[in-house]
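Student: Before we start, here is the structure in question, set down as structure tokens.
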Amino acid sequence: MYSYINATSMTINITENRYLREVQKDFNDLFPFLKIEFFKRMHGVEKPSPAQRMFSHNLTVGDARTIKTEGELPIDPSLTVSELEQSLWNRFGLSVQVFRKSGNLWLETTMTDKWTLGQQNDHGREISSPVEKAPQPADDYELKRDED
């Protein structure tokens with residue numbers, strides 16, 4: 001469950017019985033070209049997280065965290081990826097990695113941890129949207145050059 005602070009910010013409730021998939025959905029609702037994955041151990045800034053350490057989406061927050069704190073996590077597009085990841089770790093003991101959509105793939109944002117969530121989401125939109133070709137004029141000389 002989430003609530004909007006304004007059109008571009010929100011809070012995510014971090015409680016013992018919420019499923020990780022619910023927290024992921026709340027985050028993805030605000031940033032449709034980003035997703036968060038939960039891991040068993042914290043990673044370093046600009047370091048990847050091994051897939052075998054990823055938690056199942058069917059676990060609860062209580063199953064995945066190391067700190068028994070509950071509360072609301074404010075999320076704003078001006079937060080950097082590393083600030084979000086550190087905040088979830090420091091406040092709730094949740095190790096997360098942000099991923100950005102790139103076409104049909106999801107890529108870890110390890111090399112761009114210093115970018116804001118807004119920048120990451122915008123970049124994901126740009127690289128995942130189909131590129132439209134500009135229409136060629138019918139009387140373009142280059143198109144007719146080889147016809148002679």
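Student: Mind listing whichever residues of the stretch 105-114 are at pLDDT below 90 and exposed (fewer than 14 other Cβ atoms within 10 Å of the Cβ)?
Tutor: If the condition is that a residue be at pLDDT below 90 and exposed (fewer than 14 other Cβ atoms within 10 Å of the Cβ), then M111 is the only one that fits.
Student: Taking helices (runs of 4 or more DSSP H) that do not extend beyond the stretch 38-130, which have at least 1 residues that are over 14 Å from L20 (Cβ atoms) and in contact (Cβ under 8 Å) with a residue 40 or more places away in the chain?
Tutor: Of the helices (runs of 4 or more DSSP H) lying wholly inside the stretch 38-130, those with at least 1 residues that are over 14 Å from L20 (Cβ atoms) and in contact (Cβ under 8 Å) with a residue 40 or more places away in the chain span 81-92, 117-128.
Student: Out of A51, A64, A7, which single residue is small (G, A, S), surrounded by 15 or more Cβ atoms within 10 Å (Cβ to Cβ) and either modelled with pLDDT of 75 or more or closer than 22 Å to R125 by Cα (or both)?
Tutor: A64
The values are calculated or read from the model by the stated rules, or taken from the named source; none is laboratory data. Quick caveat, the model's predicted, so the values are computed rather than measured. Positions of Cβ are backbone-derived with ideal geometry, glycine not excepted, and every protein chain shown enters the neighbour counts.
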